[in-house]
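S.K.: To start, I am sharing the structure in question, which I have written as structure tokens.
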């Protein structure tokens, strides 16, 4: 089974309603083990692959997640478009808990993660000026509005390391930058999705106001989960509407050719180990294993 649409569920979204499972597939990757099996099936009749970012039961912190293995596993089962769901804090008063936002830009403050497939024998520099897929994001926004969901697009997301939440000083600094949201996972996934030539979109579920509002207590895990559990159905309803729309539709973007002008290493200089390791990504450009 090949699944052109992939979904990564984050905090509060470990399984999908309406997902008829065909099988759970363990996928070995050159970058280690994914967070768990890739669940293959159909979502209201559309082939889909689902992966729980933090593992079954939420076992991995944002920095422990093997993002490279997760996205590699999804690409290896045929995923071309990837929609990720994530809990976020709001840095602006008009982004209210319980609402949905679609991310268009990132500020990446992570520092302990492996967030590229390249190096060690093959160098690539992808364009990342527009880190999310406009076509997929526009489809999500139009569908969400038609459904009457509290959704907006064009959000700027600060990606912090975690797992601790922000200090008040950090939260106020991020707010002063004009950022809309703060989270711990999405910039890493977006970078790797671009290198894997996947269309990428992020549905951000607002759960709290981070720590910038001094009249309130700082955010805590219990309050985040409470809001997530009450509102995750909005994301599920949106996905059940959009996935069948995207399934089988032509890709109207350049995401699928992100590596076309990004590979810097001369073909004759690429090591055999790098060719073997990255074959899934670069074979179509003549950098993979000779066949």
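S.K.: Give the number of residues within the stretch 22-32 that are part of a strand (DSSP E or B), out of contact with any strand residue (DSSP E or B) (no Cβ under 9 Å at 6 or more places or on another chain) and surrounded by fewer than 18 Cβ atoms within 10 Å (Cβ to Cβ).
M.R.: Residues in the stretch 22-32 being part of a strand (DSSP E or B), out of contact with any strand residue (DSSP E or B) (no Cβ under 9 Å at 6 or more places or on another chain) and surrounded by fewer than 18 Cβ atoms within 10 Å (Cβ to Cβ): 1 in total.
S.K.: Take the residues in the stretch 232-260 that are assigned to a loop (DSSP other than H, G, I, E, B) and in contact (Cβ under 8 Å) with a residue 60 or more places away in the chain; name whichever of them is surrounded by the fewest Cβ atoms within 10 Å (Cβ to Cβ).
M.R.: 248
S.K.: Next question. Of the residues that make up the stretch 116-139, is at least one without any contact (Cβ under 8 Å) to a residue 24 or more places away in the chain, at positive phi, surrounded by fewer than 24 Cβ atoms within 10 Å (Cβ to Cβ) and part of a loop (DSSP other than H, G, I, E, B)?
M.R.: Yes, the stretch 116-139 contains at least one residue that is without any contact (Cβ under 8 Å) to a residue 24 or more places away in the chain, at positive phi, surrounded by fewer than 24 Cβ atoms within 10 Å (Cβ to Cβ) and part of a loop (DSSP other than H, G, I, E, B).
S.K.: While we're looking at this one, here's another question. If you check every pair at least six apart or on different chains, which have Cβ atoms under 6 Å apart with a residue in the stretch 144-155 that is under 20 Å from residue 131 (Cα atoms) first and a residue that is modelled with pLDDT of 95 or more and part of a strand (DSSP E or B) second?
M.R.: 151/100; 152/101; 153/102; 154/104; 155/101; 155/103; 155/181
S.K.: Sticking with this structure for a sec: Hey, among the residues in the stretch 40-53 that are part of a loop (DSSP other than H, G, I, E, B) and surrounded by fewer than 20 Cβ atoms within 10 Å (Cβ to Cβ), which one's modelled with the lowest pLDDT?
M.R.: 44
S.K.: I've got another one for you. Which one of the conditions (1) more than 20 Å from the chain's Cα centre (by Cα); (2) on the phi > 0 side of the Ramachandran plot; (3) outside any loop (DSSP other than H, G, I, E, B) does residue 175 fail to meet, given that it meets all the rest?
M.R.: Only one criterion is unmet by residue 175, namely (2).
S.K.: While we're looking at this one, here's another question. Quick test for you: out of 83, 7, pick the one residue that is under 13 Å from the mean Cα position of the chain (by Cα) and closer than 23 Å to residue 208 by Cα.
M.R.: 83
S.K.: So, in the stretch 197-231, exactly how many residues are assigned to a loop (DSSP other than H, G, I, E, B), in contact with a strand residue (DSSP E or B) (Cβ under 7 Å, 6 or more places away or on another chain) and closer than 15 Å to residue 88 by Cβ?
M.R.: Counting residues in the stretch 197-231 that are assigned to a loop (DSSP other than H, G, I, E, B), in contact with a strand residue (DSSP E or B) (Cβ under 7 Å, 6 or more places away or on another chain) and closer than 15 Å to residue 88 by Cβ gives 3.
S.K.: Right, next: Pick from the stretch 261-274 the residues that are assigned to a loop (DSSP other than H, G, I, E, B) and surrounded by 14 or more Cβ atoms within 10 Å (Cβ to Cβ): which of them is nearest to the chain's Cα centre (by Cα)?
M.R.: 262
S.K.: Determine whether the stretch 9-21 contains at least one residue that is more than 17 Å from residue 203 (Cα to Cα), touching a helix residue (DSSP H, G or I) at 6+ places or on another chain (Cβ under 7 Å) and either surrounded by 19 or more Cβ atoms within 10 Å (Cβ to Cβ) or without any contact (Cβ under 8 Å) to a residue 24 or more places away in the chain (or both).
M.R.: No, the stretch 9-21 has no match at all.
S.K.: Still on this structure, please answer the following. Looking at the structure I just gave you, is residue 35 over 23 Å from residue 249 (Cα atoms), at pLDDT 95 or above, in a loop (DSSP other than H, G, I, E, B) and touching a strand residue (DSSP E or B) at 6+ places or on another chain (Cβ under 7 Å)?
M.R.: So residue 35 passes the test.
S.K.: Checking residue 201 against (1) over 18 Å from the mean Cα position of the chain (by Cα); (2) within 28 Å of residue 46 (Cβ to Cβ), which test does it fail?
M.R.: The number of the failed condition is (1).
S.K.: Next question, about the same structure. Check the stretch 103-111 and report whether any residue there is outside any strand (DSSP E or B), more than 17 Å from the chain's Cα centre (by Cα), more than 25 Å from residue 256 (Cβ to Cβ) and in contact (Cβ under 8 Å) with a residue 24 or more places away in the chain.
M.R.: Looking through the stretch 103-111, at least one residue is outside any strand (DSSP E or B), more than 17 Å from the chain's Cα centre (by Cα), more than 25 Å from residue 256 (Cβ to Cβ) and in contact (Cβ under 8 Å) with a residue 24 or more places away in the chain.
The values are calculated or read from the model by the stated rules, or taken from the named source; none is laboratory data. Everything numeric here is computed off the predicted structure, so don't read it as measured data. Positions of Cβ are backbone-derived with ideal geometry, glycine not excepted, and every protein chain shown enters the neighbour counts.
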